[in-house]
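Structure first, commentary second.
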Amino acid sequence: MLPTYCLLCRSARVFSPIIDGQYLTFQLVGVQHNNAVMTDIQTGSWWFQETGEAVMGSMKGKTLAEIFSEQMSLNSWLEKYPESLIFQPDPVNEKKYDIGFANSGINYRGEEFSGKGWKPLSKVIGITVGKESKAYLYTDVKKEKVIIDKLGNTDMLIIVEKDSASFHVFNRLVLKAGINLILEPDSTGTFLYDMETNSKWNWNGKCLEGELEGHKLDVIQSYQEYWDSWKIFHPQTKQYIK
């Protein structure tokens, strides 16, 4: 597994490092389009972190297989997966990390974080279904808590947890029941209830109690990053406008 993160555009991706049966090891080599460029030690090819695509070298044109991932706070993760192991910093290099930098109000591009609206450093949730992509301002998602939308033929539910940092995108269709659901968090933000049957759901999209007990919503891959990065790599993206 190859977990990656770009400090310049906030994009997080998880890839398989195996191409054509060969296990590749990667390191940072540079930046293009405000996105980290990786190189594999075995062939010296260059890869975009955003897409996992090789853009230079003998691997040019090949793309790393992406592994599904979600972005959430550590507290939210541990509530869902309490037996998790947590990767720790290398103690030899720990002092090199500037722990307080993320809260300084300045990002790693030396720019102040943007305010409201579709600005280059506005945080968005980006979603791709089939050949269509769409971006949602994170400020809108946090404000609305639940967004119902459709991308291509897929009815989607975008929902943010009470910590305002953890979010999920579900396919609203419960295939076996043949209905599209609207989920709302309870007053404590601990569980979700659907408006159609009042069944009880967890934040993994699994129904725990009620008429739909045992059903599970499909999770849709989504990302949180800066608007300028998302639109560079998804030039045909749509925008969610309230």
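Give me the distance between the Cα centres of the range 1-19 and the range 126-192, rounded to whole Å.
Measuring centre to centre over Cα atoms gives 23 Å.
Test of understanding: given the chain, find the longest segment containing no GluC sites (Glu not before Pro) that are in a DSSP loop and have at most 16 other Cβ atoms within 10 Å.
Here the longest run is 112-195.
Given springs between every Cα pair under 10 Å in a Gaussian network model of the chain, which of 231, 142, 176 has the largest fluctuation?
With Cα springs under 10 Å in the chain, the top fluctuation among 231, 142, 176 is at 176.
Would you calculate, for the chain, the mean residue ellipticity at 222 nm contributed by helices, counting each DSSP H stretch of 4 or more residues as -39,500 (n - 2.57) and dividing by all residues, to the nearest 500?
Dividing the helical sum by the residues of the chain leaves -2000 deg cm²/dmol.
Which FRET efficiency, nearest 0.05, do residue 16 and residue 206 yield, Cβ-Cβ r, R0 22 Å?
Calculated transfer efficiency: 0.25.
Using a Gaussian network model of the chain with C-alpha springs under 10 Å, which one of 149, 90, 194 is most mobile by mean-square fluctuation?
In this elastic network of the chain, the residue with the biggest mean-square fluctuation among 149, 90, 194 is 90.
In terms of modelled amide H atoms, which long-range or inter-chain residues lie less than 5 Å from the amide H of residue 215?
Residues meeting the amide H criterion: 207.
How large is ³J(HN,Hα) for each residue in the range 196-211, as worked out from phi by the Karplus curve 6.51 cos²θ - 1.76 cosθ + 1.60 (θ = phi - 60°), to whole Hz, x for Gly and Pro?
Going residue by residue, I get 7, 10, 6, 6, 9, 10, 9, 6, 8, x, 9, 7, 9, 8, x, 4 Hz, with x marking Gly and Pro.
Can you list the equivalent-ellipsoid semi-axes of the range 1-102, largest first and in whole Å, using the square root of 5 times each Cα gyration tensor eigenvalue?
26, 17, 14
At 1.4 Å probe size, what's the solvent-accessible area of residue 18? Round to the nearest 10 Å².
In the full protein context, residue 18 sits at about 90 Å².
If the only charges are +1 at each Lys and Arg Cβ and -1 at each Asp and Glu Cβ, what is the size of the charge dipole of the chain around the Cα centre, to the nearest 20 debye?
For the chain, the charge dipole is close to 640 debye.
So for 172, 10, what's the accessible-area order with a 1.4 Å probe, most first?
The most accessible residue leads, giving 10, 172.
Quick one: among 56, 156, 72, which has the greatest mean-square fluctuation in a GNM of the chain with alpha-carbon springs under 10 angstrom?
56
Pop a pseudo-label 7 angstrom from the Cα along the beta-carbon direction at both residue 31 and residue 145 and give the gap in nm to one decimal.
For residue 31 paired with residue 145, the spin-label model returns 3.8 nm.
Mind checking which of 86, 56, 197 is farthest towards the positive end of the chain's charge dipole, using Cβ charges of +1 (Lys, Arg) and -1 (Asp, Glu) about the Cα centre?
So the residue furthest toward the plus end is 56.
Convex hull volume of the Cα atoms in the range 157-211, per residue, in Å³?
72
Rank these by accessible area, largest first, 1.4 Å probe: 87, 191.
Highest to lowest solvent-accessible surface, that is 87, 191.
Eight or more residues apart or on different chains, and alpha-carbon atoms under 25 Å: count the Lys pairs in the range 163-242 matching that.
6
Given +1 on the Cβ of Lys and Arg, -1 on the Cβ of Asp and Glu, and no further charges, what dipole in debye does the range 127-178 carry about its Cα centre, rounded to the nearest 20?
100
The values are calculated or read from the model by the stated rules, or taken from the named source; none is laboratory data. Model, not experiment: these values are computed from the prediction. Here the Cβ is made from the backbone with ideal geometry for all residues, glycine too, and neighbour counts use every protein chain on show. Ligands, DNA and RNA are stripped out before the accessible areas are found, and what is left, the full protein with its side chains, is counted by its heavy atoms. Shrake-Rupley method; radii C 1.70, N 1.55, O 1.52, S 1.80 Å.
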